[in-house]
Structures are given as structure tokens and as C-alpha cells.
1. Could you work out how far helix A:351-364 tilts from the main Cα principal axis of chain A, as a 0 to 90 degree angle to the nearest 10?
2. Taking chain A as the reference, fit the longest principal axis to its C-alpha atoms, fit the long axis of helix A:458-469 to the helix C-alpha atoms, and give the angle between the two in degrees, 0 to 90, nearest 10.
3. Apply the Karplus curve 6.51 cos²θ - 1.76 cosθ + 1.60, θ = phi - 60°, to the phi angles in the stretch A:591-604 and return the couplings in whole Hz, x for Gly and Pro.
4. Could you tell me which residue out of A:Ile90, B:Gly465, A:Gln445 lies farthest along the dipole of the protein assembly as shown toward its positive end? Charges go on the beta carbon: Lys and Arg +1, Asp and Glu -1, centred on the Cα centre.
5. Evaluated at 25 °C with a viscosity of 0.890 mPa s, what Stokes-Einstein diffusion coefficient in µm²/s does chain A have when Rh comes from the Kirkwood expression over alpha-carbon pairs?
6. Would you calculate the volume per residue, in Å³, of the smallest convex hull containing every Cα atom of the stretch A:1-139?
7. Modelled label-to-label distance, B:Leu78 and A:Lys591, 7 Å Cα→beta-carbon offset: nm?
8. Can you pull the Rg over Rh of chain B, Cα-only, Kirkwood?
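Computed from the coordinates by the stated procedures, all read-outs in this text should not be read as laboratory data. Quick caveat, the model's predicted, so the values are computed rather than measured. Heads up, the Cβs are rebuilt from the backbone with ideal geometry, glycines too, and the neighbour counts pull from every protein chain shown.
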Amino acid sequence: MKSEKSFLYLIMVLFSVFTFLFCLFAVDTSLHYHYQQIAWQTGNLFFNYYISFPGGFAEYLTLFISQFFVFNIVGSGLVALSGFLISMFIFKSVYTKIQKFNLMFFVVPVIQIIMLAVMFDYQYNFSITVNLLVISIFLFLNNTIDRRTGSILSFHTIIIGILIYYISGGMYFLIFMFSALVLSLKKPDVKMIINVLMIVTFAFLVPFIAYRFLFPNSLNSSFFHSTPDVAAMLRYGRPMIFYVELASIPVIIILTVISAFFKKQVKKSKNAVKNRTKSETAEYAEIPIRNRNRKFIVAGLIFVLITVSGFIFKLTYSPLEKLKIEIDYNASKQNWEKVISMSGKIEKYDRMVNFQFNRALLNTGQVLDKLFDYEQLLGSQGLFIDKPFASEVALPNSDLYFDLGNIDESQRFAFESETLMKNSPRVLKRLVLNCIIMDKMDAAQTYLNILSANPMEKKWVEKYSDFIKNPGIAASDSLIMKKRNDMNKTEGIFGSPPLKLISQIEKNPRNKGAFEYLIALDLLDHDLTSLEEDFKYMGSLDYKKLPVVLEEAVILFRSQAKTKGFLNIIRISDATTKRFREFAKLTSASKGDREKAKQATVDFKNTYWYYVLFLSPKVTNLKLETKPVDTNY
Amino acid sequence: MKSKVNIHYIILVIFIGFLNACNNLPRDSAESAKLPDIFPDYTDLTIPPNIAPLNFIIKEPGEKFAVRISSKAGKEILISGNDPSIQIRVSQWKKLISSNLGEELNVEVYAMNDEKWTKFKTIKHRIAKENIDSYLSYRLINSAYVLWFEMGLYQRNLENFDESPIIENKSVNGACVNCHSLSKNNPEKFMFHIRSKFAGTLIYNEGELEKVETKTDYTLASAAYGAWNPDGRHIAFSVNKISQNFYVFKDQSNEVTDKYSDLIVYDTQTKMITTSPKVSTKSRENLPEWSADGKYIYYISAPEANSDSSQLISKYSLMGIPYDPETNIWGETDTLVSAFETGKSQTFPRVSPDGKFLVFCMTNYGYFTIHHNESDLCIYDLETGKYRVANEINSSETESYHSWSTNGRWLIFSSRRIDGIHTRTFIAHIDEQGNFGKPFVLPQKDPDKYNKYLLNFNRPELMTGRINVSPQKIRDAARQDAIPVTFDPKVNINALSGASKIKK
């Protein structure tokens, strides 16, 4: 290694490679794309919207860049590259402030780790990274102008700051102004104090003037806008790593300046700075590692860096969260077997996993065979997530009703989703499909026109354009045919899930999915009366034998209420009868001790009996905690 | 020197050649007897002389296109090129139509295929002599029913394509802003509501902005649907307990219903609301509208909702009651169009400024017509007491909220006729006898906008000019605490409505 600078670059490159690989194999940017429904579009309408408010331009740029997250390998490369560039520009901006590289070996690569760690959260919006990249580039530019002009008064900083305010928004403007201020600090004199006062004044004035006269946003947003005003960000919990990321650039710069101050190794007069040439600067920076002690120090710092990185990963990386997103992703791709197998890997109950698991059973025709393979701890609230209605359930609800063939409801929730996830390819596709199914071709064309402005969706658009141009093609498409056949009855008051399901079954008695969900609903609600009533719909369906979950329910209800005539005539298989006897024996042996009985019957945890006795919310009193949304009336 | 002259000459020739290439009409063309297929449907219209250019897209197949727009006087407009999107310069358009009031406006469309030009049948418009109010306000909102995220009230200059926000809800932390209303289309007197965060009613009254809370102990809710008295002082409101139901009726996604509703009148000077037992009954009085002289309130009324189904399958009659805001004296109620007689529901009454006509929506049930594709506009002659369905402006899709121009010669209204889902604003001429011209959609700079725009133009209201108060000032007023209004102590009824929850 010839110089410390080269060595530092090598470390940065190594960290970039690590970031790339980790992102590729452990993060998967296509999950970000899926979860956030990143959608960049061509056209003036889209562009004009984003240039109409501070921070919008960076959002536009981010959408353009992060649309490539759909390809994991490209996305991982972009994440690694952005971290590298931010580190490089920060390094280039601050290295004139410090002669020794010791601190640099620690602080510069740690930026890359932070930029990777934020990606562990799938709600993280990449615009934050892009904005930090914008700041780092402009800091470098600002510093270059500083050095070249040697001017004490930083008018250029104000101009660049205003530009950043418009491109990135209030928070990034403040970060830039603060960082530039710290970097501009020199030996105190009158001009220096005037410069500080000027930067501080403008740091306050620019957002205030923008608030007062230019943009109708709130004062808080004018000063501290840091994330896009998109509905997905409402759910972003702003974890500690988010604040660490925002603070990273100014903190590194402060550390650098403090380090320089204490070591008293940066004592250049104004003239010296002014007269320094580029070659001198480079020479000045490239001091070879001089002795064995320094090598130990550097090695120690790298060790600390790796330890800190590990600590950051420990705090932020959650394979479980990734798995949940993967389940959602696979559900959207209709990889139902994967959904079922992945759900089994989730140890702690999760309502959305439960919901997707149930959807997977619905789409593979296994609801009444495997319903209790996942703990249905919220009962029927894991089947239907309409209530309480919250923004995050809009699209999954649309998906479920689409599965069931209730296109009216699917469309209703797709509209709600479209409000929250503007231009989302998934939502637009759903709207197009629903409109085609409902034979509303003009509206389908409107949505398709918007989707066609998304470069990632050209193939899909091409396919469904043909459906719209030639409704005959649509009419012969198997999916469209099935959904049209399953469509709900279109008149009546269907306020609750069972009524919606019944309306569908009455329209199409062969809608097996609707029937199984109806029965599952009765079972999960312990609603014996409705179960008996709803059994009548079974006759139109081709069940060769009674599904095992139904057998379990019938034998249980039969054991509890002997008078149920209808249930008594249903034949239960010997295997189920035998298992039930064994279960009953184990529970009786516990002599009323519920916990003991639960332990004793744990082998039966996939049965309806276990659900009724130990897991059902009617027994556990488990309540769903969600925040309902405001309603628009 | 010589070479310089030559260069200038060449440049000039190229430039002239370029201009000719751009604006020349084909010399030889085959005549087609059919009108060209264009979007939006801008054919055979009566148009205001101050309307923005009617930009359109030629939907006919072609490699090149040419358009000539001409009238009796003034310089014709020539546009040609490869782009079927025809965007007319505002200044050229203005000159041409403003110098041809009352005359025909001819639009000739040419399309070239395989080097052969076709000239389609000339589109003929009539340029009316009467202007339309120069501004339009509306709310832009997504198609959702329950959720919202971004929304705002906007004003659009109808003489060009300028659109600017009156308020966007990001100013009020994402709250809902709705139900804006003006006094006689006067931009100096307007109001709107803010729901959820920073709740209240913001009233702009000739330079003064104030936010009031219209819910009192004696009213069942905050004020909802409002109508300014032409005196510019009083605002009539309904107060409603609203709910939504989904997919109740065939092909209708949503039904908005009220369990209760009453009428109130708010005095902007005394900050007091009043009512009468006659308009605060167990029946559901709703959607007030003042007569042209400001001494009569039109409204709709449905019987008491005893059950879910009676709430849903309600039919509203068009009613009226004399009311003098100066003396606070109420007359007797009168039924203008009875739901029992029509078998339909009457809603959204809007009176023409000359007091001769009242336009309302007629639908199968309820009053909130935007989701009713059977909803049609009807015109009621206030002199003869007769109404008719205005078939000349209706379509198979929803026709809903409407607004008159101050001269009474233009009606704008909401319609979903373009794609069946998204609400757009249409403009129609109306003559002195109450006959409408063919309606046309609000022109846009990009004529393709409606084909790729998912926001709905909600509650369009014409305005005589621009609202000259900045969005920043409106934001500041909106974020203030609302001033509570008082309830008229002389109203001797027990909390307005037999249906209301009473606190006295």
C-alpha cells in the first residue's frame, strides 16, 4: 500500500463490495420495490408534480433510480455505489481539514455501513440516501469553491444552500448549512464571525421565507422535511438508524474538525490556503504510512470499524422482517406454496402473515384441510381484515376480494389503495383487471394509459391493451372468465363478510373459495348456527369426502350438543374419530387445568379442537390493536 | 461580406420553408363526408367567447395532420405536423374568437395516409356573445370513498390553462378540505370546511379570513353543505349525520346516506346560527339553495329514516320555504317536485342568477349523486312550475354537481361520461328559454390529460375572478383555532330536529 489515501480508498471499495453482496443476498432490493411500489413515469404531468415543492426534485430522481431496485443485482449495485459516493465526497470535503488519516479509517467507511443498514427496513425511502448524496456532492463543490476563491464570506454557500433547499427540502438544507459552516470555521476574526452569522441567518431565513411566501406547507415541514409526503412513509417508524443516517455527515465533519483542532495540525493561514495548488494538496494528503505504530493504530481502527459495523447490523438487521415481506411478495406473485412454507417459519404470530397464509389456502383449495396449520390467534380477523379499516390493509383487502371473485369490493379497496399509493403498478394493474372484468373498458384504458408511462410495465400493458381493444380476447381469457363467473350479486345490503360471501355463492353456487371462506368464518367465530345453515351450500360442490377441518368441527360440536340432528347424520372418518378420542382423553386427564391440557395436547395444535380450546380469541381475549383512519366525511 | 449575405439568405429561406412546412395546408385532399374522430368531443358546440383554446387529439389514423381554424373575421389559425395532439396558441385563439362574437367557428381537420390527404367534414361551432365567468374552482380528489391523502381546492382560469391552489391539504397536516361555496360566484366571498385536523369552516369575506366552529350544543353536527345568500352575509347550511354504504344497488359502488339532517342559517356578521322548526323536523332537510332575491330557500327533504333500508332507499322531494334573513321570519314550506309524483329523488337544486330556472339532479334514490350513473340533470321553470329532464346535456353516466355563470347563460356540471369513473367538468350554453347547447368538457392544455389523470374535479363552482388571497394566508387562518358560533336564543324549539340529539 503506497499511501494512506489509497489504503482508505481500498477500504471503501471493500466495504462497497461487502455492501453489494450483503444487499444482494440478505436484503434484496426487489422487496423494497415490491413493498413501496416504486413507480417512476415518463411525461410532463409526472415531472411537473415533483418540481412543484421543495424536495420534490430529489424524490423524482429517487423514483427514477430506485425503479431499478426491481432487479436485485442492479439495486444492490446502486445501494453500494451511493454509499461509496457519499463516503468519497465527504472524505474529499473534509480531508483538507486533517492531516492524519486515523479518524478517516473509521468514520468514512462507517457511512457505507449506515447506508446499508437503513436498507434493512423495507419501509425506508431511498430518497434519504439520495438527498445525502446530493449534500455530499454539494459540500465537495462548496469546499472546492472555498479553496479556490479563498473567500472568507461564503456567499456561494448560501446559493448552494438555496439550491439544496429546493432539490432536497428543509432538513437537508439545514444539514448542508451546518456542515458547510463547520467546514468553513477558521481562526476567529471579525470576517469569520460575520460569515458564521451570515450562514446561521440564512439557515433560518431560507426555510422561513419559503414557508411564509412561497410554499403553502407547514412551518415544521418547511424546516424539517426529511422524508417524502407519501402514504407509505406514514407507517415508517423512523428508527434510530434513520436519525443516525441524517446525523452522519455533520457528525463526521465535527469529529474531523475537533480532531484537527486538538492535533493542531491544520494551521494554514488564509494566504496559504489561497495559494495552495492542487498538486500540493494531493501531496499533502498522500502521506505514506510512516511507522509500525501507525500501522497498528490503523489496524486497531479497522477492527473498531468492523466491531461497530457488526453492532449496527445486530441492532438493525431482522431476517424475520425480511421473511414477512417475502411472504407478501410471494402472495402478490401467487407463489402460494412458498407462502405456506414461509409462514411456517414465522414463530411469532403476525396478522398479515396469517392473512396471506389463509389466502394461500384459499387459492390452493386447502382452506378446510389446513386452516389450523397456522395459529389463527385473531380468529376471523385473520381471514378478513376490513375492520378496523386502516390504510395498510387497503391493497391486501383488494387482493382477497379479487381472489374470492368479489370484484366490486376488490375495486372499492383498489380505489382506496390508489389514493395512498399513487401510480403503484400493482394497484393500477388491479384497477385495469377489475375494469376489464366489469367490462368498463374506457376506465381500464385510463388506468392502462398511466401504467404505460412506467417503463417497467411495458409487457403487461401490451398484453392488456389487446384485451381492451378487442373485448373478445378478454372474454376468452381464463382468469377474466373465472372472475366474471364468480362475481358477486350486485344488489343488496352486504355490510359484513358472511353476507358478501353468501351473495357470491348464491350468484355462483360453484364458487368453492367463497364457500370455504364462509365455513372458515363460521368455524373461527364458533358460530354453530351459521355453520349448520351454511352447510347447505356444500351440495353444489364436488367434495369427495368431508374436509378434515369440517370433520373436526362436526365431531366437536356433536360431542358438545347431542341434539344437533343435522350434524349427527354426517359421517366422520375413523381416523378423525380416533384422534378426537385421544385429544379428549388428554384434556380430561388434565382435570380442568387449561395450561396443563394445552401442554398435553400440543401435538394437536393443528386441529380445530386445539383452536377452540386454547387459541381462539374468544378464549384468549386477544384484541387487535390498530389505528383506524380518519374517514372523509 | 458576400458570403455572410448568402448565409443570411439561406437561413431565411430555411426559416420560411420551415414555417411553411409547419403551417401549410395540403393543396390536394380528398373530401370525407364524416366528421373527424377527435378527443375530447369538440364538435357542434356553442362556446363562450372567452374560453381557453379547445385543444384536441385527432383520433383518425394518419402520418401527418393539419388543422385550420377560421371564422368570419380575423386571422385564421393553421396548425400542422406529425403530432395528432392539436394545441392552439392562447393568443391566436383569443384574437380569433373575440373578434367573431355570434359567428360560426370552423375547424377543418386533415389527415395524411400514404402521402394522400383527407379533409374531413368541417366542425362548426357557434361563438356565443355572452362570456362565461372567467374562473372555476374545484376540489381535486382521488376516487377513494373512505381514505384520502392528497387533496386540495384549486382555481382555474377558464380563459387560459392556468391552475393554482387555493388550499392544499398538506397545509393543514393532511386534513380533508371540502364543500367550498361562493356568494354569487364572487371570489371575495367564499368558504370551505376543514375536517379532522384543524376542523372548522373557513370564511373569506372581502379581505377578512376567519375560521368558525359551527357545531353548537343545539345542532347535530358541524355545518356541511352550504349556500351563500346573494346578500353576501348569510349562509344556509345543512347539518347532517352522514354514513356510507357500499354496493347496495346494481352498478353503483357507493351510497352516501344521512340518518338525520336539518337546515340552519349562519349570519357572518353576528356569528350566530338560526333555524326554524319547519326546516329542522324529523324529516331530513338537506342541500339548501337561495333564490335569486335571497328571500327564499330551496332545499330537498326525505322522510325520517327509521331503519337502514329506509335510510338507504330514500327519495328526496324538492322543497322551498320563504325566509327573510333581515327579519329572521320563516314562511310555510312548499313542495316543488314531489318524490311521490316523480318516483325519483330530487337533489342539488341550483337557481339561475335571474331567478327563472332551477337545475337539479334526478336519481333513483338518495341525494349524493356522484356514484349514481342514472343521475340526470333536470331544469325547473320557476315561473311555470314545470320541470323537464335536460336530455340534451345528459349521458348514460353520472351527471351531478352544477353551477351557473353570473349572466345565467352557462351551466357547468360534473359528469363521468368520459370513462365512467372519473368526474370531469362540462360546460353547456343555455338560452333564455332554458334550452341547452351541446356540453363540452373543460379544455386542457394537454388534450390527452383526461385519459391519464386520476383525480376527480369535485364540486365545480364558477367564479367571476381569481381568489386573491394567497394559499399561505389561507393556511395560516386554517391552522388557527376556530371561533365558536352562537345559537339563536330566540329559536324556541328543542334542538332543531325531532331527530336530533338534544342538549339544552
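1. Approximately 50 degrees, to the nearest ten.
2. On a 0 to 90 degree scale, this one is about 50.
3. Listing the rounded values in order: 6, x, 7, 4, 5, 5, 4, 4, 5, 5, 9, 4, 5, 9 Hz.
4. It is A:Ile90.
5. Values: Rh = 28.5 Å.
Translational D for this selection: 86 µm²/s.
6. Values: hull volume 15.3 nm³, N = 139.
Roughly 110 Å³ of hull volume per residue.
7. Rounded to a tenth, the inter-label distance reads 10.7 nm.
8. Values: Rg = 25.5 Å, Rh = 24.5 Å.
Looking at chain B, the ratio lands at 1.04.
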